[in-house]
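These notes are about the structure you will find just below.
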Amino acid sequence: MSEYTEKFDATGLNCPLPILRAKKVLTSMNSGEVLYVIATDSGSVKDFDAFCKQTGHELLESTEAEGKYHYYIKKA
Amino acid sequence: MSAKKLAIIATKGTLDWAYPPFILASTAAAIGYDTQIFFTFYGLQLLKKDLDLKVSPLGNPGMPMPMGMDKWFPTIGTALPGMEAMMTGMMKAKMKSKGVASVADLREMCIEADVKMIACQMTVDLFDMQPSEFIDGIDYAGATTFFEFAGESDVNLFI
């Protein structure tokens, strides 16, 4: 997975900042575009899942590599 | 489908207790909830323009302290002059190092997300507080106004 429209680096940020700031970026995007988020907060794995379920955005991919979490979110 | 609603009553005015209402309100707003916070008694400190919140180890046995101080430090020691200022400084430094947002930032995000904030008029009168001490854009009202929103909310929290 590597195709995305916008990228947001939430490295070092803790709950609830990764979600709040990602939501802000999503607001500025168009429907169908993909936001790529990088985070280091381990709690963000379940939170991004819950965020997408409740807002209707699609979590295309959620992976972990070397202590970083990568999310691809398609805007509803 | 109409938006879900979250109503919060914020009653505490310390640095640690400032977090739950603002974290929950900003997050709820981010996932589409209509959100309202009613600030009463010490919770009004959270609406001051000049946020000067503190955390105290006094009477707070659950508070983790550095170097295992919470295990061997006598409770009476937490009442020493300067302890509150020291603990507040340490807590703020810790939060910054862990990437935790400041209370002012979280409050700002609530405002940006249209979280409605209401100051309890009775408390404002009781403590002779002045509206000029508070941030702009808030309402002043009473319990009945809270229930107008809370009565049709999906989640109600007392913090």
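The values are calculated or read from the model by the stated rules, or taken from the named source; none is laboratory data. Computed from a predicted structure; not experimentally measured. A quick note on method: Cβ atoms are made from the backbone with ideal geometry, for glycine too, and the neighbour counts reach across all protein chains shown.
For the reader, a short list of remarks on this structure follows.
- Yes/no for B:T35 being farther than 22 Å from A:L13 by Cβ, crowded, with 19+ Cβ neighbours inside 10 Å and in contact with a Leu (Cβ under 6 Å, 6 or more places away or on another chain): no
- Of all the numbered requirements in (1) more than 20 Å from B:I8 (Cβ to Cβ); (2) crowded, with 16+ Cβ neighbours inside 10 Å, B:L47 misses one, and that requirement is (1).
- When B:E84, B:E112 are checked against the criterion of being under 30 Å from A:T27 (Cα atoms) and either surrounded by 14 or more Cβ atoms within 10 Å (Cβ to Cβ) or at pLDDT 90 or above (or both), B:E112 stands alone in meeting it.
- Residue in region B:12-27 that is nearest to the chain's Cα centre (by Cα), counting only those that are within 12 Å of another protein chain (Cβ to nearest Cβ) and among the β-branched types (V, I, T): B:I23
- Test: residue in region B:68-77 that is part of a helix (DSSP H, G or I), in contact (Cβ under 8 Å) with a residue 60 or more places away in the chain and β-branched (V, I, T): no
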